[in-house]
Structures are given as C-alpha cells and as structure tokens.
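Undergrad: Before I ask anything, let me first share the structure, which is written out below as structure tokens.
The values are calculated or read from the model by the stated rules, or taken from the named source; none is laboratory data. Worth saying up front: this structure is predicted, and the values here are computed from it rather than measured. Virtual Cβ from ideal backbone geometry, glycine too; neighbours counted across all protein chains shown. Just so you know, the surface numbers come from the protein's heavy atoms only, side chains and all, with ligands and any DNA or RNA stripped out. Shrake-Rupley method; radii C 1.70, N 1.55, O 1.52, S 1.80 Å.
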Amino acid sequence: MVNKKDIKTTKSLKSPFKRERLISVKPSGKKEESLVGLVYEVVRQIPSGRVTTYGAIAAVLDLPNPRMVGRAMRTATNIELPAHRVINSTGHVTGEHPLQRLQLLKKEGVKVKGEKVVDFRDLFWDPAKEL
C-alpha cells in the first residue's frame, strides 16, 4: 500500500530533460552552433538565379518567426552572403538596400517588375526539400 505522504506532486518535480537545439555540421566537419551561423549556412546554399523566403528558412531551422531570419541577416557585415536571394513570402524584395538587391538579382537572370520577382513560384528554392 502506498502512503500519500510518500507521493510527490508533479509541481515539485523538475523535468530531467532539457530541450536541445540541433546543431548543424558544415561540409568541412565544423559545427555551426549559433543561430546566425545556421541562417548564414542556409542562405549560402541558395543557388544563383533562385530565391527563397525568410519563412522558408525559418521553417527549416524550426524558428518560430521569419523575422528572426531577417534580424540574423542584418548582422551580416563584411561577410559574403547572397542576402539578395532572400525575399518575402509575396515575392517582393525587402530588407536593407533594396535597389542593390534588385540589381544583383537581375545580374543573375531573375526578372523583376517593380520590387517583385516575376515567376516567383518557379524560381522558389525550398530549403526543406533541397537540404
């Protein structure tokens, strides 16, 4: 027979399990541990002439909000990163230096009308399927 005094309530027990974030491994074998570094690794893999969205990157990295991807990319200074290939979910070029980004996309053969990528769905690169 179990004595009620011997039973601890679940409120007083702490879970021994911690939620762990997966750490990606670069092709070189080095571990990439920071969120910013993980975002950069995905962005570096977007092929020339293709585009993806902040939301697609957030989804593949299991981030709760696409804005986290935008914030991470804003910290990219003096790093060669094809940030111009990341656009919003409606196909519009957003972020810092939109005119520069539009020019870089045009150089890669991406057709742009106004600030929107033409044939966005055809050019969309889905990191969840490609990585």
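Undergrad: Somewhere in region 39-54, is a residue part of a loop (DSSP other than H, G, I, E, B), open to solvent by 30 Å² or more (accessible area, probe 1.4 Å) and free of Cβ contacts under 8 Å to residues at least 60 places away in the same chain?
TA: Scanning region 39-54 turns up no residue that is part of a loop (DSSP other than H, G, I, E, B), open to solvent by 30 Å² or more (accessible area, probe 1.4 Å) and free of Cβ contacts under 8 Å to residues at least 60 places away in the same chain.
Undergrad: Is it the case, given these coordinates, that Arg85 is out of contact with any His (no Cβ under 9 Å at 6 or more places or on another chain) and open to solvent by 100 Å² or more (accessible area, probe 1.4 Å)?
TA: No, not satisfied.
Undergrad: I need the full set of residues from region 55-78 which are open to solvent by less than 70 Å² (accessible area, probe 1.4 Å) and more than 22 Å from Asp122 (Cα to Cα), in order please.
TA: Answer for region 55-78, where residues must be open to solvent by less than 70 Å² (accessible area, probe 1.4 Å) and more than 22 Å from Asp122 (Cα to Cα): Leu61, Leu63, Asn65, Met68, Val69, Gly70, Ala72, Met73, Ala76.
Undergrad: Got a number for residues in region 121-131 being acidic (Asp, Glu) and not in a loop (DSSP other than H, G, I, E, B)?
TA: 2
Undergrad: Would you mention how many residues in region 59-91 are in a helix (DSSP H, G or I), farther than 12 Å from Val42 by Cβ and of a type in the set (A, V, I, L, M)?
TA: Qualifying residue count for the region: 1.
Undergrad: Something else now. Just give me the residues in region 102-131 being in contact (Cβ under 8 Å) with a residue 40 or more places away in the chain and within 17 Å of Ala59 (Cα to Cα), in sequence order.
TA: Matches in region 102-131: Phe124, Trp125, Asp126, Pro127, Ala128, Glu130, Leu131.
Undergrad: Okay, next question. Looking only at residues that are in contact with a Gly (Cβ under 8 Å, 6 or more places away or on another chain) and in a helix (DSSP H, G or I) in region 98-120, which one is surrounded by the most Cβ atoms within 10 Å (Cβ to Cβ)?
TA: Across region 98-120, the extreme among qualifying residues is Arg101.
Undergrad: Here is a follow-up. From (1) among the small types (Gly, Ala, Ser); (2) loosely packed, with under 12 Cβ neighbours inside 10 Å; (3) not in a helix (DSSP H, G or I), pick out the condition that doesn't hold for Gly95.
TA: So the condition that Gly95 fails would be (2).
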